[in-house]
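Written below as structure tokens is the structure these notes are about.
Values in this text are rule-based calculations from the coordinates and carry no lab data. Only a predicted model underlies this, so the values are computations on that prediction, with no experimental measurement involved. Glycine gets a Cβ as well: all are built from the backbone with ideal geometry, and neighbour counts include every protein chain shown.
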Amino acid sequence: MLKLPGQRSALILFCLLLLTPLASEAMAQSSLGIGTAEPSFSSTGVFGSFLDWVNAKQQAFYRALSGAIKAMRDDPSKLWGLVSLSFAYGVFHAAGPGHGKAIISSYVIANEQTLRRGVTISFLAAFMQGFVAVVIVGVTYFALRGTGISMTGATHTLEIASYGLIAGFGAWLLFRKLRPVARPAIQKAGHGHDHSHHDGHDHGHNHEHDHASHQHDANGICQTCGHSHAPDPSTLMAEHIRLREAWSAIVAIGLRPCSGALIVLTFALLNGLYLGGLLSVTAMSIGTAITVSLLATLAVLAKKTAMRLASSQSAAMRVGNSIEIAGAALVLVLGLVLLFAALQA
Amino acid sequence: MRKITASFNCLLMGTALVALTTAHVQAHPHVFAEARMEVVVGDNKAIDTLRHVWRFDELFSSTVLLEFDANSNLKLEPEELAEVGTTVHASLADFDFYTSVDHNGKAVEITAPDVIHVDFQDGQLLMFFAVAPREPLPLEGTLSFGAYDPTMYAALDFLTDDDLVVEGPATGCKHTIIRPNADEVLAQNEDKLTQAFFDDPENNDISKFFATRLELIC
């Protein structure tokens with residue numbers, strides 16, 4: 001009865017070990033040694049040249065943005081030009097690598113999230129990134145100057161914390177997804193009692209709760225029904241756990257501030273453009289959130305389509321379950337690769 | 001069903017593995033610098049040194065000011081500037097000091113500069129340093145010199161063709177400035193780019209295709 005989970009964890013461990021040397025491919029610190037670059041992975045081929053195109057556009061945007069903030073220093077009425085440009089920069093900037101897109105999308109997929117929740121998480125994570133940028137620049141300016149703690153150092157620490165949290169979060173998601181799958185093996189070994197009683201319970205709950213996540217609940221609960229002795233509190237807890245999970249995701253991603261925001265804020269602060277700096281970063285966050293939530297939405301729709309195309313309801317459930325597990329595994333893998341890269345830098 | 005899930009799971013992880021193996025890091029530029037490069041030819045008709053001068057944009061410069069201002073007076077004194085130079089030197093050592101020299105299409109190794117000199121003028125950070133070819137590099141065949149950041153974190157711009165110059169007795173060499181057009185490079189290399197990556201995994205930075213360079217044909 002322990003054989004299957006054992007094999008499975010060995011398999012996963014093996015897959016993860018294969019990935020660890022790749023961490024050297026990624027570099028979290030910047031090549032100049034000052035400031036932090038956005039670490040991320042981009043593939044070659046079609047997708048690669050798309051990213052190059054995005055990259056070229058970003059350069060143009062960033063130049064326009066630094067022009068706008070310098071123009072505002074001389075003429076405060078140019079504030080709105082700066083704000084709208086910051087917004088556009090946010091939208092475009094987030095289309096490039098980084099900014100937790102892959103992680104948010106994988107998390108949303110892994111969790112059978114509703115679209116609304118995916119969008120909310122994207123927005124909160126983007127705002128958290130902007131907020132952390134404001135805090136870092138403020139603390140560096142008012143408290144850390146002369147202490148030997150540099151902004152690059154502080155950002156690097158947050159970066160490591162962020163990736164560590166993402167990896168831990170992925171591990172937790174994966175554990176939660178795999179546990180119900182492993183349970184039936186235990187059940188076969190002689191724990192299959194009280195079936196009718198629990199089945200009755202579960203049906204009642206399926207009708208009461210969250211219709212968007214209906215299929216998963218049906219699947220998850222039926223698989224554990226031989227074993228869960230107290231379905232009532234656990235079902236009630238589920239919503240609570242999800243909220244906590246969502247917040248962990250937001251904090252894990254949001255802890256790492258966007259380098260563009262840090263640079264703009266520092267310049268604004270040193271030139272006394274407080275309002276301009278804050279509004280610019282807010283606009284950037286909104287822009288980033290729109291792009292990230294668009295991608296998260298696409299991820300959810302892709303999963304729903306895959307499930308709809310499945311031949312039967314049980315096949316759909318299997319496809320959905322597999323996608324969820326893969327999503328959770330991807331969060332873990334991305335977190336680990338980024339973490340190793342950050343630790344090496 | 002468990003079997004299917006497990007295999008599907010590993011399949012997806014395998015896909016991620018392949019995706020990550022062929023992947024490389026591509027940061028978007030957050031730092032811009034106006035660059036100048038001087039190729040100095042010695043009396044022995046060989047390349048003596050390459051001098052770089054970079055003037056960084058005001059935004060990045062302000063972050064450097066904030067980070068290295070050890071005595072909190074919002075000015076960078078000589079010791080603080082030297083600290084900037086040391087930090088950048090340590091980091092650029094992994095990236096050939098953003099310098100790329102080719103001789104007849106083959107990469108030429110360069111030596112590290114003794115020191116990176118740093119100055120701060122009118123809110124802009126300035127860096128000066130010189131690198132030299134490790135082996136003697138005579139003026140013959142096709143020589144190409146460029147300066148760029150392979151990680152695309154910093155974008156070095158040579159604003160005019162006069163920012164890439166040859167100093168010393170380089171008579172008899174044809175001197176051209178090549179500024180690749182990004183769209184054309186992408187169009188011409190669409191399939192080659194991918195192929196190049198697989199053929200030469202050690203040296204696969206795409207930014208080389210886009211970098212402005214000085215070519216000497218002697």
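With R₀ fixed at 51 Å, the C-beta to C-beta distance from B:Lys174 to A:Thr147 puts the FRET efficiency at about 0.40. Shape verdict for the stretch A:268-345, please, from the Cα gyration tensor: rounded (a/c under 1.5), prolate (a/b greater than b/c) or oblate. Oblate, because a/c is 1.5 or more while a/b does not exceed b/c.
Inter-chain neighbour count for A:269-276: the average number of beta-carbon atoms from partner chains within 10 Å of each residue's beta-carbon is 2.
Grab the beta carbon distance between A:Ser312 and A:Lys57, set R0 = 35 Å, and tell me the FRET efficiency rounded to 0.05. Could the numbers behind the result be given before it?
Working: r = 45 Å, r/R0 = 1.29.
It comes out at approximately 0.20.
Give the shape of the stretch A:68-135 as rounded, prolate or oblate, defined through the alpha-carbon gyration tensor: a ≥ b ≥ c are the square roots of its eigenvalues, a/c under 1.5 means rounded, and otherwise the shape is prolate if a/b is larger than b/c and oblate if not. Since a/c reaches 1.5 and a/b is larger than b/c, the shape of the stretch A:68-135 is classed as prolate. Close amide-amide hydrogen proximity is noted between B:Thr111 and B:Ala132, B:Arg134, each under 5 Å apart and 5 or more residues distant or on a separate chain (H modeled in the peptide plane; Pro and chain starts excluded). Pairs spanning more than 21 Å between alpha-carbon atoms, out of A:Lys78/A:Lys101; A:Lys57/A:Lys101; A:Lys78/B:Lys75; A:Lys57/A:Lys303; A:Lys57/B:Lys106; A:Lys70/A:Lys101: A:Lys78/A:Lys101; A:Lys78/B:Lys75; A:Lys57/A:Lys303; A:Lys57/B:Lys106; A:Lys70/A:Lys101.
When only alpha carbons of the stretch B:28-186 are considered, Rg and Dmax amount to 16.8, 54 Å. I'd like the trypsin sites (Lys or Arg not before Pro) in the stretch B:32-85 restricted to DSSP loop residues with at most 11 other Cβ atoms within 10 Å, sorted by number. Passing sites in the stretch B:32-85 are B:Lys75. Can you compute the FRET efficiency between B:Glu79 and A:Trp172 using 1/(1 + (r/R0)^6), with r the Cβ-Cβ distance and R0 = 45 Å? Round to the nearest 0.05. Using R0 = 45 Å, I get an efficiency of 0.40. Sequentially through the stretch B:31-47, phi angles give Karplus couplings (6.51, -1.76, 1.60; θ = phi - 60°) of 10, 10, 9, 7, 10, 9, 10, 10, 8, 9, 9, x, 5, 7, 6, 10, 6 Hz, Gly and Pro residues having no value and appearing as x.
Sorted on the mean count of surrounding Cβ atoms within 10 Å across their residues, most packed first, peptides A:252-258, A:30-36, A:73-79, B:81-87 read A:252-258, A:30-36, B:81-87, A:73-79.
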